[in-house]
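Nothing in this text is a laboratory measurement; each read-out follows from the coordinates by a stated rule. Computed from a predicted structure; not experimentally measured. Glycine gets a Cβ as well: all are built from the backbone with ideal geometry, and neighbour counts include every protein chain shown.
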Amino acid sequence: MDMNFRELNIFLSVCELGSMSEAARHLYMTQPAISQAISELEGEYNIKLFDRIGKKLVLTHAGEILRDYGKKINLLLNEAENTLRDI
């Protein structure tokens, strides 16, 4: 399975909010569903996106790279949507 926008946006929400439980509240999902999506991403690419230090999540180097690409992807998607609406 390839990464999809849903997984990417879940990942970005966790990055932005700093916790899986906060991302779950923000996205109206359960915390186990958020954890599962992150685990699936990590498993698919055989990488860790976060180091879990106590209850705190810290982005790994791979996580930082994905966060940066994810932000760019969302910007491009928004730009495409705005352009199509303006036609």
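Odds and ends about this structure:
- Count of residues meeting criterion [in contact (Cβ under 8 Å) with a residue 40 or more places away in the chain and either more than 14 Å from Met3 (Cα to Cα) or in contact with a Lys or Arg (Cβ under 6 Å, 6 or more places away or on another chain) (or both)] in segment 13-49: 2
- Residue satisfying condition, being charged (D, E, K, R) and touching a residue at least 24 places away in the same chain (Cβ under 8 Å), within set Arg52, Arg67: Arg67
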